[in-house]
1. Roughly how many debye, to the nearest 20, is the charge dipole of the chain about its Cα centre, given +1 on each Lys and Arg Cβ, -1 on each Asp and Glu Cβ, and no other charges?
2. In deg cm²/dmol, rounded to 500, what helix-only [θ] at 222 nm does the chain give when every DSSP H run of at least 4 residues adds -39500 (n - 2.57) and the total is split over its residues?
3. Step through the table entries 136/168; 95/150; 95/162; 148/168; 95/136, compare each Cα-Cα distance with 21 Å, and write down the pairs that go over it.
4. How much length, in nm to one decimal, is gained on full extension between residue 16 and residue 95, taken as 0.36 nm per residue of separation minus their Cα-Cα distance?
5. Could you give the distance between the Cα centres of the range 129-165 and the range 45-69, to the whole Å?
6. Using only Cα atoms, find the angle between the long axis of helix 175-190 and the longest principal axis of the chain, and express it within 0 to 90 degrees, rounded to the nearest 10.
7. Which of 170, 50, 189 sits closest to the plus end of the dipole of the chain, meaning its Cα is farthest towards the positive end, when Lys and Arg get +1 and Asp and Glu get -1 on the C-beta?
8. Relative to the first principal axis of the alpha-carbon coordinates of the chain, what is the inclination of helix 123-133, with its axis defined by its Cα atoms, in degrees from 0 to 90 and to the nearest 10?
Amino acid sequence: MVKEQLNLDLAIERHYRICVLSKAKKAYFGILNDGAADLKGLTAIKSNAPKFIQRVFRDCVKVLSNVNNITQYNQARREIGTVVQKGIHELRGRKVVLEDLAYSVQLYYDPNERTSKTTLMPQPYQCAMQLIDQGKKLNRRDIVRFVKVKPFNYKGKTFTVKPLDHVKNLVDINVEDYIRNLTTALEQTLEPMGITLEDEKEMKLTEWFK
């Protein structure tokens, strides 16, 4: 029909046992016939995302690698709930490697100008200002690494991140912020599967997956 009406030749590039399409353009993942995951354009696996969020997401996808029918699929959805629950418990228990919570972001503007002129400072430039004040030279397109911490006052402004090497332990980590970032990253792919994540501190995660 496509050939007749549009004069286009179509070819099958990949066969997926499961394919999950997100609302974002060119962002999806599929499980190939051999059980391998094919991941494209998803927030959770972007290079600037913390390794912790990437790991939890990949563990969720791994649960789907052996799914061959609807019964196994429904069971996998419940198992994914356990994976996310474990990740949240690790955050709340501060049982995560600090390095795995770091965001790596490229500076698209000259940080020496951005830090002095911007009132509402994006987190990468909060990090850059602290590094520059410590004597580090930074330029446009440099990459900074930072972790989210509890809000604090810095030169009359409220900052919410610190450079990775300025944080010595997990005490100051903003756990709830990381949980929000985790659930937001996962929602992109779990919502199309009929799995709804709600950011309720007292809500049992088993109630999220129905």
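Just so it is clear, none of the values below were taken in a lab; they were calculated from the coordinates. All values reported here derive from a predicted model rather than from experimental measurement. A quick note on method: Cβ atoms are made from the backbone with ideal geometry, for glycine too, and the neighbour counts reach across all protein chains shown.
1. Working: 35 positive and 25 negative charges, 107 e Å.
That gives a dipole near 520 debye.
2. One gets -11000 deg cm²/dmol as the mean residue ellipticity at 222 nm.
3. 95/136
4. 24.9 nm
5. Each part's Cα centre sits 29 Å from the other's.
6. 30 degrees
7. Towards the positive end, the residue furthest out is 170.
8. The two axes meet at around 30 degrees.
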